[in-house]
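Input: a single structure, listed below in structure tokens.
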Amino acid sequence: ITVSPTFDSGTACEGSIQTFTITVNPTAQVDDPADQVVCNGDTTTVAFTTQNTVGTTTYAWSSDIEIGAGLTGDGDMSFTAVNDTTAPITGTITVTPTFDNDGVQCTGPSQDFTITVNPSAQVDDPADVVYCNGDETTEVVFTTQNTDGTTTYSWTNDDTSIGLAASGDGNLPVFTATNAGTAPVIATITVTPTYENDGVSCSGEDQTFTITVNPSAQVDDPVDQIVCNGENTVVN
């Protein structure tokens, strides 16, 4: 702004020109962060950005529920997501920008986004089972305490001699238990759950159980005997 003074008392007299500036800062602005879906225990980062230039934009944020980041904070978010429940939880994050230039701070409209934290995958511990050689087993149906989403299962078997494959997906199928030996065979089955929600898959703790296959009962063929009337005899 240029100011030109004139003093007039019948005669106009001009004076020295003065200049000064008026700087108008823009309204603070923050780009709308993308929604996220993460797993319990994952580390996630949200870096806030703006279209504003020059000056400095800072950010303050708040969350409506605790998901591992705290309920309030400043600057970018970086935290380990926490969900100890059996269903997804969703926190709504509100981020408010402040634009600072030449010592003058200007606030702007907030942006909301969500972070959904899936629970860890979980499978109930199946009961150990015992079969006889030649028995037809029953299907082992795996279950979980988690809700919403979808839980799938994969399993491994450390002893295929019992008649069960080394690995598979889904429930443990029916098979014919096998033990051609003379002592029980114990196979350890390891079940691994995977929880999927909103396109994000989360792992969880394995569970193990055992399938014991007993051998068929067997007796050695006793030796034939000929004894006399009145004699004592023993057959072991």
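The values are calculated or read from the model by the stated rules, or taken from the named source; none is laboratory data. Nothing here was measured: the structure is a model prediction, and the numbers come from that model. Here Cβ is always computed from backbone atoms with ideal geometry, including for glycine, and neighbour counts include all displayed protein chains. All accessible areas refer to the heavy atoms of the entire protein, side chains included, with ligands and DNA or RNA removed. Shrake-Rupley method; radii C 1.70, N 1.55, O 1.52, S 1.80 Å.
Using the Cα atoms of segment 188-231, I'd like the radius of gyration and the largest Cα-Cα distance, Dmax, both in angstrom.
Final numbers for Rg and Dmax: 28.0, 86 Å.
Accessible area per residue for segment 138-192 in Å², computed with a 1.4 Å probe and the full protein assembly in place, what is it? Can you show the working numbers first?
Details: 2840 Å² over 55 residues.
Accessible area per residue: 52 Å².
Apply the Debye scattering formula to segment 99-183, with a single equal point scatterer on each alpha-carbon and no solvent, then give log10 I(q)/I(0) at q = 0.14 Å⁻¹.
Debye output, listed in q order: -0.68.
Computing the accessible area with a 1.4 Å probe over protein heavy atoms, can you report the carbon and sulfur percentage for segment 1-138? Working shown, then result.
On the way: 3950 of 7980 Å².
Carbon and sulfur: 49 percent of the exposed surface of segment 1-138.
Where both residues lie in the chain, what percent of DSSP beta bridges are antiparallel, nearest 5?
On the way: 55 of 64 bridges.
Once the DSSP bridges in the chain are tallied, antiparallel ones form about 85 percent.
Please state, rounded to one decimal and in Å, the Kirkwood hydrodynamic radius that segment 1-131 gives when every pair of distinct Cα atoms enters the mean of 1/r. Walk me through the intermediate numbers first.
Working: mean 1/r = 0.0528 Å⁻¹.
One decimal place: 18.9 Å for the Kirkwood radius.
Suppose we flag GluC sites (Glu not before Pro) only when DSSP calls them loop and at most 13 other Cβ atoms lie within 10 Å. Which is the longest uninterrupted stretch of the chain?
Values: sites that count: GLU66, GLU139, GLU205, GLU231.
Excluding the exposed sites themselves, the longest stretch runs over 67-138.
At q = 0.19, 0.27, 0.29 Å⁻¹, work out log10 I(q)/I(0) for segment 19-83 with the Debye formula, treating every Cα as an identical point scatterer and leaving solvent out; two decimals please.
Debye intensities relative to I(0), on a log10 scale: -0.81, -1.28, -1.38.
Calculate, in whole percent, how much of the Cα-Cα pair population of the chain lies beyond 23 Å. Intermediate results must be reported in sequence, preceding the final value.
Details: 19435 of 27730 pairs.
When every Cα pair of the chain is considered, 70 percent fall beyond 23 Å.
Identify unpaired cysteines across the chain, taking unpaired to mean no other cysteine Cβ lies under 4.7 Å from the residue's Cβ.
CYS13, CYS106, CYS132, CYS228
Grab the eigenvalues of the alpha-carbon gyration tensor for segment 128-225, scale each by 5, take roots, and send me the semi-axes largest first in whole angstrom.
Numbers: eigenvalues 284, 22, 18 Å².
Equivalent ellipsoid semi-axes, largest first: 38, 10, 9 Å.
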